[in-house]
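Reviewing the structure listed below.
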Amino acid sequence: ATLLEARLAEARNGKDRFCLLDTLCKLGICYYECRRIDDAEAVFQEGVGIARQTGDVQLPRFLHELSIVRVKQRRLSEGIELCKEALDLELAAGGEGTMAMHTLSILYQESGRFTEALQVLELVRESCEARHDLPGLGKCLNEMGNTYIGLQNYPSAIKYLVDSIELKARIGDRRGAGVSLGSIERLILRHTNLVNEPNVSSQLQRLNGI
């Protein structure tokens, strides 16, 4: 963070707005990863202010990052509005909006709005499939599984989690596959009778071939 803070001081004294905003965003992400959430919030808010005032194309980027901060702060309603604005701006500019949609789905999940989360994730899946983004698709399938857990539709949850594991195993994402497998294990520990349901046991048998 120290290096980025020094670079930010230089950028503030210069006239390169792109450099200033880029440094602000990178510093905010650094603060967030270091769990300096209040510092991250301040930096991202500064970036939003500059980008709004100047009409800079990086505004959706700052709105999206600030919405992620709001998840940590449990200010979910604000996070949803920020993320929706970021998504609208990105789509209006001809972008895919996949990252913003993924974050929006998580915000909806955290708010208990699982049906809306699933609607967004369907759009994410379509986008990932159209772009052949297999890592993104694997994450999306995992989130669809988690969303179905929230909806208490456990057979569908296990299906999507197994789909995610199969895809991640195919592309060599062992860590990601382990995350999805952990979700299945925790679900079955809470609902042991699930393994006796034919549509669930058939999905679990798919794991034997991975």
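The values are calculated or read from the model by the stated rules, or taken from the named source; none is laboratory data. As the structure is a computational prediction, the values presented were derived from the model and not from experiment. Cβ: placed from backbone, ideal geometry, glycine included. Neighbour counts: every protein chain shown. Heads up: the accessible areas ignore ligands, DNA and RNA and are worked out on the full protein's heavy atoms, side chains in. Shrake-Rupley method; radii C 1.70, N 1.55, O 1.52, S 1.80 Å.
Express the Stokes-Einstein translational diffusion coefficient of region 90-210 in µm² s⁻¹, to the nearest whole number, given a Kirkwood radius over alpha-carbon pairs, 20 °C and a viscosity of 1.002 mPa s. Mind showing how you got there, number by number?
Values: Rh = 14.7 Å.
In µm²/s, the coefficient is 146.
Computed with a 1.4 Å probe over protein heavy atoms only, the accessible surface of the chain comes to 53 Å² per residue. With unit charges on the beta carbon (Lys/Arg positive, Asp/Glu negative), name the residue among A40, L167, H191 whose Cα is farthest towards the positive pole of the charge dipole of the chain. Value computed over the given set: H191.
Relative to the Cα centre, what is the charge dipole magnitude of the chain, using +1 at the beta carbon of each Lys and Arg, -1 at the beta carbon of each Asp and Glu, and rounding to the nearest 20 debye?
Numbers: 26 positive and 29 negative charges, 109 e Å.
Its charge dipole is roughly 520 debye.
Once you list every other residue whose beta carbon is under 12 Å from the beta carbon of A40, what net charge do they have if Lys and Arg are +1 and Asp and Glu are -1?
On the way: positive: K26, R35, R36, R70, K72; negative: E33, D38, D39, E41, E46, E65.
Here the charged neighbours net out to -1.
To the nearest ten degrees, helix 134-150 and the longest principal axis of the Cα atoms of the chain are 70 degrees apart.
The helix-only estimate of mean residue ellipticity at 222 nm for the chain, built from DSSP H runs of length n ≥ 4 each weighted as -39500 (n - 2.57), is -26500 deg cm²/dmol after division by the residue total.
Relative contact order (percent) for region 86-210, with alpha-carbon contacts under 8 angstrom and 6 or more residues of separation?
On the way: 134 pairs, mean separation 21.6, N = 125.
This gives 17 percent for region 86-210.
Positive end of the dipole of region 39-110 (Cβ unit charges, origin at the Cα centre): among L82, Q109, L59, the Cα lying farthest that way belongs to Q109. Each Lys or Arg adds one and each Asp or Glu takes one away; over the other residues whose Cβ falls under 10 Å from the Cβ of Q109, this sums to -2.
Quick check: convex hull over the Cα atoms of region 4-137, volume per residue in Å³, rounded to an integer? The partial results should precede the final answer.
Numbers: hull volume 15.1 nm³, N = 134.
Spread over its residues, the Cα hull of region 4-137 gives 112 Å³ apiece.
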